[in-house]
Amino acid sequence: MNRFDIISLAAASLISLADTSPPNEALAAAQPVLEAFSAAVLACDRTPPFQPGLSISSTAGATRYDASTRTIVVVSYDSLDPNRRAAMERFAAIGTLGLSGRAQYVEVFNGLLVAHELGHWVQDVSRRPLNRWQAESEANRMMVAFWREHPSEISTDLRLANFVAQGPQTPDPMPRDAVTSAEGFFNTNLARIEADPMQYALFQKAMVRTAIAETPQPTFCEAIRQAWP
């Protein structure tokens, strides 16, 4: 068994352990992703000037890449307020994996989306000029390609379907009277969209669906080399 196989198996085991609430479960879920993603970038003949670190936020917020500290900042489920926890229960209920709200949070925000944030690390290293829509779409594209090549014991297709799942009454994030593209609307209204977690999530899910549907499917190295020529 090679190093990538060991890392993939370690990441896979975290899903089944999520409901047991081990100490530092957010860091435990994110660390194997960071290690596997970093190793995969190196395997694509790209040598970053630095490797990202991993830290845990003491307050609620979003999983993010912090360019100033060069770290992936993860947020633990325990720091969420009751409203956010209730939202996670609803998110889990419409998902495809049958997880509890807590396990859904760990799966998505401490695991799956860590690869998205590492895509922003690649962009930081690359220093290519991107608008926000381009940056988010490209990070989602790298994330999808990464998980396809680093599947867990649960298929990547199911994990991605779990993330993009929406209820039957979910509104379209784009207003009906919009006179611009989704990219133009997103960039122009970014501050308002970010202030509304639901709308922001809908745009992110739409980008992930686009990445999933891309044909032919790019390899991880193809996605990395396009992001970092």
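The values are calculated or read from the model by the stated rules, or taken from the named source; none is laboratory data. Here the structure is a predicted model, which means the values were calculated and not measured. With ideal geometry, Cβ positions are generated from the backbone for all residues, glycine too; neighbour counts draw on all protein chains shown.
Odds and ends about this structure:
- Residue among Ala211, Ala206 that alone is touching a residue at least 24 places away in the same chain (Cβ under 8 Å), on the phi < 0 side of the Ramachandran plot, part of a helix (DSSP H, G or I) and buried (at least 20 other Cβ atoms within 10 Å of the Cβ): Ala211
- When restricted to residues that are part of a loop (DSSP other than H, G, I, E, B), of a type outside the set (A, V, I, L, M, F, W, C) and over 27 Å from Cys221 (Cβ atoms), the stretch 37-90 contains 7.
- Single match in Gln123, Gln104 (criterion: under 18 Å from Gln166 (Cα atoms), modelled with pLDDT of 95 or more, touching a helix residue (DSSP H, G or I) at 6+ places or on another chain (Cβ under 7 Å) and in a helix (DSSP H, G or I)): Gln104
- Residue in the stretch 77-86 that is surrounded by 18 or more Cβ atoms within 10 Å (Cβ to Cβ), touching a helix residue (DSSP H, G or I) at 6+ places or on another chain (Cβ under 9 Å) and more than 17 Å from Arg159 (Cα to Cα) present: yes
- Qualifying residue in the stretch 113-120 (condition: among the β-branched types (Val, Ile, Thr) and more than 16 Å from Leu160 (Cβ to Cβ)): no
- Residue satisfying all of: in the stretch 183-202; more than 18 Å from Asn162 (Cβ to Cβ) and either buried (at least 17 other Cβ atoms within 10 Å of the Cβ) or of a type in the set (S, T, N, Q) (or both); nearest to the chain's Cα centre (by Cα) among these: Tyr200
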